[in-house]
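Notes for the one structure printed next.
Only the coordinates and a few stated rules stand behind these numbers; no lab work does. Since we're looking at a predicted model, the values are computed, not measured. Note that we place each Cβ from the backbone using ideal geometry, even for glycine, and neighbour counts take in every protein chain shown.
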Amino acid sequence: VYFPAPPTPINPEGDLELSPKPIYVPPSARTIALWSLLGLATAALIAAILWGLTRISRSVRERRLSPAERAVAELERLLRRRLIEKGLFKDFYVELTQVVRRFIERTHGIRAPAQTTEEFLRDATGHTTFDHTTIPPLRSFLEAADLVKFAGQRATPEMADQAVAAARSFVKPTEICDSPTP
């Protein structure tokens, strides 16, 4: 902040002599702290906006994918989280079965994510567009996952790898459904 210089004494002729140079007054510690906080808040806001835009962009890109491509992307994202290596088998199986259930919902219109395994398999068996040859392996996959998720069965990395292979076989492209549901 600049303030005008104090008036200088009167010179011998009786005129005032003014100095046009301002005097520098350093900002107070409070002013510096407030400007620093404002700068940090602005940086945090910009970072939050960029993060949000990135998430929205990814979501829009995924919604434009076919159901099979979207399921594969979800599966790859799940595997990048490395839940198996961290020993979080229950969390891994919950997410893995949700990937398969969302894929089936998008391709066949069966409300798979909101149903129990038995309800879902009953609806799938009676559904006209569902390939009935996939029900026995799907039943095995879901029941094995339920044992880990709900019955406390100890899973191994080998079991998880087999479950991932089974999930990949379920999310292959299908020609049954012409228009996927979002």
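Compute the distance from the alpha-carbon center of the range 27-72 to that of the range 110-138, in whole Å. Result: 40 Å between the Cα centres.
Cross-link reach is defined here as a Cα-Cα straight distance under 30 Å, omitting same-chain residues fewer than 8 places apart; for Lys172 the lysines meeting it are Lys86, Lys90, Lys149. The residue among Gly152, Val100, Ala68 whose Cα reaches farthest toward the positive pole of the charge dipole of the range 67-182, with charges on the beta-carbon of Lys, Arg, Asp and Glu, is Gly152. In this structure, Lys86 and Asp161 have a Cβ-Cβ separation that, at R0 = 25 Å, corresponds to a calculated FRET efficiency of about 0.95. Cβ-Cβ distance of Leu53 and Arg77, R₀ of 25 Å, FRET efficiency by 1/(1 + (r/R0)^6): the value works out to about 0.85.
The stretch between Trp35 and Glu119 holds 24.3 nm of extra length on full extension. This uses 0.36 nm per residue minus the Cα-Cα distance. Computed packing ranks the peptides 101-113, 45-57 as 101-113, 45-57, most packed first, by mean other Cβ atoms within 10 Å.
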